[in-house]
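The structure appears below as structure tokens.
Computed from the coordinates by the stated procedures, all read-outs in this text should not be read as laboratory data. Just so it is clear, the structure is predicted and the values come from calculations on it, not from any experiment. Here the Cβ is made from the backbone with ideal geometry for all residues, glycine too, and neighbour counts use every protein chain on show.
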Amino acid sequence: MRFDAKSLLAFVIPVGLILVWQALASAGMIATEVLPAPSAIVAAGWRLALSGELWTNIGISAWRAAVGLVIGGGIGFALGLTNGLSRLSERLTDPTLQMIRTIPHLAMIPLVILWFGIDETAKIFLVALGVFFPIYLNTLHGIRTVDAQLVEMGRAYGMSSWALFSRVVLPGALPSIFVGLRYALGIMWLTLIVAETISASSGLGYMAMNAREFMLVDVVVLSILIYALLGKLADSIAKWLERATLSWHPAYLHV
Amino acid sequence: MTAATLSGRARATFAFAPADRGPPAKPASKSPAKAGAGAPISVRGLSKSFGTKEVLTALDLTVPAGQFLAIVGRSGCGKSTLLRTLVGLEQPTSGAVMVGDGQRGVGRIMFQEPRLLPWQRVVDNVRVGLSEGLPKAASKAQALDALGEVGLADRAGEWPSVLSGGQKQRVALARALVSRPKLLALDEPLGALDALTRIEMQSLIERVWLEQRFTAVLVTHDVAEALALADRVVLIEDGRIALDIDVDLPRPRRRGSAEIGALEGRILDHLFSSGGRPSDDRPGFEPEPVEYEKAYA
Ligand SMILES: Nc1ncnc2c1ncn2[C@@H]1O[C@H](COP(=O)(O)OP(=O)(O)OP(=O)(O)O)[C@@H](O)[C@H]1O
Ligand SMILES: [Mg+2]
């Protein structure tokens with residue numbers, strides 16, 4: 001099948017790189033304290049998976065990411081909708097939000113630790129703050145750029161406000177909202193990595209920092225790879241959602 | 001030929017009830033049994049300004065129920081504005097517009113672009129033309145009927161993006177017709193189509209109009225198209241009706257016949273005569289009535 005051959009193509013380079021890496025490590029050309037061989041990393045992963053430590057930490061990290069995304073994304077989505085539909089609300093809240101946006105959310109870490117200590121609230125707060133803006137901005141933009149001719153058509157055909165919103169405005173804004181979501185997912189993991197690395201007593205970032213203290217380079221690399229995998233997984237879910245809801249879009253028609 | 005109704009400077013000032021502020025559309029008008037009922041239109045002293053620019057100037061127009069009226073005129077003379085006022089998309093600056101008994105949902109408009117919702121299947125796009133309160137099965141059946149009418153029943157389940165331009169415009173026609181409107185307003189709906197598709201669409205519109213006998217108001221820049229379809233052609237100039245011609249020819253009309261040619265010549269002569277300054281350059285005052293009378297004499 002054409003489709004399968006195409007998706008296999010994407011794996012050629014990564015698999016090649018891993019093979020080269022393994023070969024160089026086995027030949028002793030890369031010091032194990034610098035970068036352990038892929039086989040060593042897999043072994044470390046196996047060890048941690050058996051002890052259950054790996055699953056606990058992945059679970060905790062994923063939970064923090066999800067809760068932060070739901071809270072920050074939910075508020076961003078709601079505010080984006082409100083401000084997209086109401087000029088009054090936009091005038092009232094948007095300037096303040098734009099002001100807050102100029103603060104890099106990771107710069108808040110010391111303050112957040114002062115406020116919440118190093119417990120869950122601190123990390124969830126940071127993630128929520130990080131994902132808020134991409135979702136807010138793209139929802140607002142999506143609603144503002146809905147085809148005015150379609151809205152006029154809806155009005156001319158007697159649509160109620162609710163029908164106009166649910167059948168014209170929201171579907172029209174959806175592609176832009178998805179752009180915001182996928183952007184937010186990237187920020188979500190980034191924020192979590194930083195927050196967990198700096199201050200945590202559980203989670204993937206903590207696992208990596210803990211391993212560093214014991215010079216377990218393989219676990220450090222393992223943590224990094226798992227972060228990458230989780231990021232990829234989240235993106236794939238978003239892509240799948242996009243495909244499912246935007247099946248009308250000419251870009252997805254042939255799939 | 002009937003002379004244009006002479007519009008005086010006196011303006012009717014009684015309140016206009018905008019079509020989109022009234023009570024919700026009554027689904028009763030959807031029943032095919034009531035087909036054939038067109039709505040009469042009465043426009044009295046209609047003026048419309050955008051800012052300081054006056055587009056329509058005390059315009060009077062009476063359209064009997066079931067008539068097929070074509071509106072022609074230079075670009076920017078206010079054809080679309082008049083049409084949009086008829087379906088309640090624009091509010092008159094002054095004057096009165098009455099369509100049927102003044103109820104909402106009497107008229108449907110078809111735009112130059114199909115304006116289909118890309119995220120709804122063809123059949124659901126047609127259902128946009130029906131009242132939201134209708135049960136899904138019933139509205140689907142009516143939508144399929146309307147699609148059959150325009151010859152697209154087999155495309156009901158597709159996305160609009162896979163249709164050709166002419167097919168999209170046919171779906172838009174089905175959407176406009178599905179509620180059995182008493183007035184169909186057409187704003188250059190065929191302007192973007194190729195010549196052959198245009199002629200096909202013209203026959204299609206003529207056919208459904210003959211079947212359903214709604215009042216049809218077609219805005220077009222194509223005088224030949226106006227003469228092929230309409231019972232009556234009015235020419236708008238300087239914000240008023242400058243020419244009002246009855247086209248009393250049997251249907252289906254033969255393109256390029258002598259009678260049509262003669263009428264076409266008259267309208268084009270008028271359009272190109274010295275009286276027809278480009279409306280876009282027109283300053284915001286009303287022309288002298290004398291000049292106006294001379295124009296169609
Ligand atoms: N919403 C608006 N705001 C400001 N000016 C407008 C608006 N709508 C129309 N006009 C102006 O009113 C005039 C008439 O516009 P209209 O669209 O009715 O012209 P038209 O006769 O349909 O022209 P065309 O044949 O090019 O479609 C134009 O000068 C246009 O610029
Ligand atoms: Mg126009």
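The stretch A:1-41 and the stretch A:67-93 have their alpha-carbon centroids 44 Å apart. Residues B:Phe111, A:Phe116, A:Phe77, B:Phe68, ranked from the fewest to the most other C-beta atoms within 10 Å, line up as A:Phe116, A:Phe77, B:Phe111, B:Phe68. All other residues whose Cβ lies under 13 angstrom from that of B:Gly261 are scored, Lys and Arg at +1 and Asp and Glu at -1, for a net of +1.
Around A:Ile237, with a cut-off of 14 angstrom between Cβ atoms, what is the net charge of the other residues, counting Lys and Arg +1 and Asp and Glu -1?
Net of charged neighbours comes to +2.
DSSP beta bridges confined to the protein assembly as shown are antiparallel in about 50 percent of cases. Globularity index of the stretch A:31-113 is 1.80 (Cα radius of gyration / 2.2 N^0.38 Å, N = number of residues). With the largest listed first and rounded to whole Å, the semi-axes of the equivalent ellipsoid of the protein assembly as shown from the Cα gyration tensor are 65, 26, 21.
Beyond 29 Å in Cα-Cα separation lie the following of the pairs B:Lys53/B:Lys168; B:Lys79/B:Lys136; B:Lys140/B:Lys182; A:Lys6/B:Lys140: B:Lys53/B:Lys168; B:Lys79/B:Lys136; A:Lys6/B:Lys140. By the beta-carbon count within 10 Å of each Cβ, the least crowded to most crowded order of A:Tyr157, A:Tyr136, A:Tyr206, fewest first, is A:Tyr206, A:Tyr157, A:Tyr136. According to the Kirkwood relation over distinct C-alpha pairs, the hydrodynamic radius of the stretch A:124-203 is 14.4 Å.
Principal axis extents of the C-alpha atoms in the stretch A:49-193 (largest first, rounded to whole Å): 64, 37, 19. In this structure the amide hydrogen of B:Leu56, modeled in the peptide plane, comes within under 5 Å of the amide hydrogens of B:Lys48, none closer than 5 places in sequence on its chain. Think of it as helices only: each DSSP H run of n ≥ 4 in the protein assembly as shown is worth -39500 (n - 2.57), and spread over all residues that comes to -17000 deg cm²/dmol at 222 nm.
Both radii come from the Cα set of the stretch A:172-249: Rg as radius of gyration, Rh as Kirkwood radius; their ratio Rg/Rh reads 1.15.
Taking every pair of alpha-carbon atoms in the stretch B:118-180, give the share separated by more than 16 Å as a whole percent. In whole percent, the share of Cα-Cα pairs in the stretch B:118-180 beyond 16 Å is 32. Model label sites at B:Arg255 and A:Ile18, defined 7 Å from Cα along the beta-carbon direction, differ in position by 6.5 nm. Look at where the Cα atoms of the stretch B:178-236 and of the stretch B:43-111 average out, and the two centres are 17 Å apart.
With no solvent and one equal point scatterer placed on each C-alpha of chain A, evaluate the Debye formula and give log10 I(q)/I(0) for q = 0.12, 0.16 Å⁻¹, two decimals. With no solvent term, the Cα-only Debye profile gives -0.87, -1.20.
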